[in-house]
Protein chains: 2
Amino acid sequence: MAGTNSSIKLDLAPAPVVILCEPQLGENIGTAIRAMANFGLWELRLVNPREGWPNEKANAASTKAEHVISRVQVFEKLEDAIEDLSLVFATTARKRDMFKPVIGPDVAGNRMNAHIKKDQKTGLLFGRERWGLNNDEVALCDAIVTLPVEPAFASLNIAQAVLILAYEWRRASKADEDLPFGSNEGLPADKGDIVRMFEHLEGSLDKAGFFTVEEKRPSMVQNLRAMLTRTNFNQQELRTFRGVISALERAHEREWKNRDGQKKRATKSTDMGKS
Amino acid sequence: MAGTNSSIKLDLAPAPVVILCEPQLGENIGTAIRAMANFGLWELRLVNPREGWPNEKANAASTKAEHVISRVQVFEKLEDAIEDLSLVFATTARKRDMFKPVIGPDVAGNRMNAHIKKDQKTGLLFGRERWGLNNDEVALCDAIVTLPVEPAFASLNIAQAVLILAYEWRRASKADEDLPFGSNEGLPADKGDIVRMFEHLEGSLDKAGFFTVEEKRPSMVQNLRAMLTRTNFNQQELRTFRGVISALERAHEREWKNRDGQKKRATKSTDMGKS
């Protein structure tokens, strides 16, 4: 889904901080950065990255998310990395032997959004690629976030987990705003024009002998009107559809005019009108 | 987030079909397959994959999602790939010059779930890596799904888009079920035991001279009780906390017994009791 518009200025609005605890590979840091940037997160903190920092592989994998890369902070202790945050969720795929609330990404997104709207800082903690977070790290957090993965195929990499949590925060924070683009709806057609189209169509069908059983005409008209109302015509589409009816009407007339001549072609047009 | 349990049997329950239209790189097909498998999708259809099929790079990138790989179907025409589906969403990051509803992934997830629950087949269509879907391909679909990405950093790869849509379907389909694991809550403590703990604590604080201004005692007790009620103790935790109170109580007693001896240590314990 290509769609980046590099002419748009980046908006570093308040957003959750991402904390990666002892990430092992620079490439994973880079893909996590890209996932953050996709959904408007920009503050990354690393606790003891194994390959050190800065990291060339992380840069390459982050696909030019310079606004995130240039702000990365490195800490020796997790406690220091979350010092200024007042709500931190630990992401983990494993059940823990402690009483800690467990929530889904959607609930996490909503809670982070509510927290940030009160000018509070919130963070998402992700563990090591190979064995995740230790219990003493989880104990520092307010809740565990886990993803509704298929149990038999549950292995997500860090960037995927970051992507879904970042997406859920973005969804929650933009819930009262439009999507990046909306339906290209045009101007809706007025009911009067819709009714005139119905009458045009039904008159045309009368002439074509479509209503073979007169008693069934009212219910057939109702069904046709119900069906065509669901299409939710805009003004241009309604004009187009009136043109379609007229064209088929003329084709029908042509059938009678040319009945001795182009029989085969006319029959085909009439079939189209009834289909 | 490691967590795959290979001893769990895969459940090929009804799920949305993924259609990739003219995918260019096998690796992207593989990572899309992995994302599908993470959230329980298993039916992939390829329309004219540029590198052909089967594809070694796709196999490698799919991290052993054999149950998806072995069922991949290849089509020459998109029309044939969606022949048996009755609800298809086109994923795209670009506004189209046609009247087509535009929805977010959460709405798409809910609609796909409702459709599948009525035993109907539904599909998610993704376009080429470099330029997405053509308008005539979008026109075949029921709605456009777009993601609430940061406009200045909007480039998602196919696997990321598949991951989020697959996640949203899974979330919707499992909305009335538990997460993969729940809170390890233990048995909740009865209110009677909670009240006895409060009385124990407050009696202990009385003895320790915590309530220096008698008139303020009721409101201080209220605040303490409110605060400790929020911890939502389970039975084991309540027992532990009673033990904490008793231990601090004895430390306090010890202060008086040893007032000439270990003054420093006892003072420290009393501070803990008040903190």
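The values are calculated or read from the model by the stated rules, or taken from the named source; none is laboratory data. Model, not experiment: these values are computed from the prediction. Neighbour counts run over all protein chains shown; Cβ positions are idealised from the backbone, glycine included. Keep in mind that these areas ignore ligands, DNA and RNA; they rest on the heavy atoms of the full protein, side chains included. Shrake-Rupley method; radii C 1.70, N 1.55, O 1.52, S 1.80 Å.
Would you say A:ALA93 is open to solvent by less than 60 Å² (accessible area, probe 1.4 Å), of a type outside the set (Phe, Trp, Tyr) and outside any loop (DSSP other than H, G, I, E, B)?
no
Looking at the stretch A:117-148 only, could you name the residues that are at the interface with chain B (Cβ under 7 Å from one of its Cβ atoms), open to solvent by 20 Å² or more (accessible area, probe 1.4 Å) and touching a residue at least 40 places away in the same chain (Cβ under 8 Å)?
If the condition is that a residue be at the interface with chain B (Cβ under 7 Å from one of its Cβ atoms), open to solvent by 20 Å² or more (accessible area, probe 1.4 Å) and touching a residue at least 40 places away in the same chain (Cβ under 8 Å), then A:ARG130 is the only one that fits.
Which condition number does B:LEU179 fail, the rest of (1) under 33 Å from the mean Cα position of the chain (by Cα); (2) without any contact (Cβ under 8 Å) to a residue 24 or more places away in the chain; (3) assigned to a helix (DSSP H, G or I) being met?
(3)
So that you can scan it fast, the table gives a plain yes or no per residue for (1) touching a helix residue (DSSP H, G or I) at 6+ places or on another chain (Cβ under 7 Å); (2) under 21 Å from A:ALA61 (Cβ atoms):
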site: A:LYS95; (1), (2): no, no
site: A:ILE103; (1), (2): no, no
site: A:ARG130; (1), (2): no, yes
site: A:ASN134; (1), (2): no, no
site: A:VAL145; (1), (2): yes, no
site: A:TYR167; (1), (2): yes, yes
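This table checks each residue for (1) away from chain A (no Cβ under 14 Å); (2) under 24 Å from B:SER173 (Cβ atoms).
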residue: B:VAL17; (1), (2): yes, yes
residue: B:GLY30; (1), (2): no, no
residue: B:ARG45; (1), (2): yes, yes
residue: B:LYS57; (1), (2): yes, no
residue: B:THR63; (1), (2): no, yes
residue: B:ILE69; (1), (2): no, yes
residue: B:LYS77; (1), (2): yes, no
residue: B:PHE89; (1), (2): no, yes
residue: B:ARG94; (1), (2): no, no
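I'm checking my understanding of the structure. Among residues of the stretch A:162-220 that are among the small types (Gly, Ala, Ser) and touching a Pro at 6+ places or on another chain (Cβ under 8 Å), which one is farthest from B:PRO148 (Cα to Cα)?
A:SER183
Every residue in the stretch A:151-171 that is open to solvent by 30 Å² or more (accessible area, probe 1.4 Å), touching a residue at least 24 places away in the same chain (Cβ under 8 Å) and in a helix (DSSP H, G or I), please.
Passing the criteria: only A:ARG171.
Would you check if there is a residue in the stretch A:172-184 being touching a Lys or Arg at 6+ places or on another chain (Cβ under 9 Å), surrounded by fewer than 20 Cβ atoms within 10 Å (Cβ to Cβ), within 26 Å of A:ALA13 (Cα to Cα) and at the interface with chain B (Cβ under 7 Å from one of its Cβ atoms)?
yes
Does the stretch A:48-60 contain any residue that is among the acidic types (Asp, Glu) and within 27 Å of A:ASN134 (Cβ to Cβ)?
The answer is yes, given that some residue of the stretch A:48-60 is among the acidic types (Asp, Glu) and within 27 Å of A:ASN134 (Cβ to Cβ).
Among the residues of the stretch B:186-223, which ones are of a type in the set (Phe, Trp, Tyr) and open to solvent by less than 30 Å² (accessible area, probe 1.4 Å)?
Within the stretch B:186-223, the first condition is being of a type in the set (Phe, Trp, Tyr), and the residues that meet it are B:198, B:210-211.
Scanning the stretch B:186-223 gives B:PHE198, B:PHE211.
If B:ALA226 satisfies every condition in (1) closer than 26 Å to B:GLN24 by Cβ; (2) surrounded by fewer than 16 Cβ atoms within 10 Å (Cβ to Cβ) but one, which is the exception?
Status for B:ALA226: all satisfied but (1).
Of everything in the stretch A:106-161, what is under 25 Å from B:LEU156 (Cα atoms), among the hydrophobic types (A, V, I, L, M, F, W, C) and touching a strand residue (DSSP E or B) at 6+ places or on another chain (Cβ under 6 Å)? Give them in sequence order.
Correct list: A:ALA108, A:MET112, A:LEU124, A:LEU125, A:PHE126, A:VAL145, A:ILE158, A:ALA161.
Kindly evaluate A:VAL195 against the criterion of being under 30 Å from A:LEU44 (Cα atoms), more than 9 Å from every other protein chain (Cβ to nearest Cβ) and of a type in the set (Val, Ile, Thr).
No; evaluated as a whole, the condition is false for this residue.
Being without any contact (Cβ under 8 Å) to a residue 40 or more places away in the chain and surrounded by 17 or more Cβ atoms within 10 Å (Cβ to Cβ) is the filter here; which residues of the stretch B:96-116 pass it?
Those that are without any contact (Cβ under 8 Å) to a residue 40 or more places away in the chain and surrounded by 17 or more Cβ atoms within 10 Å (Cβ to Cβ): B:VAL107, B:ARG111, B:HIS115.
Which one of the conditions (1) within 14 Å of another protein chain (Cβ to nearest Cβ); (2) surrounded by 13 or more Cβ atoms within 10 Å (Cβ to Cβ) does A:GLN236 fail to meet, given that it meets all the rest?
(2)
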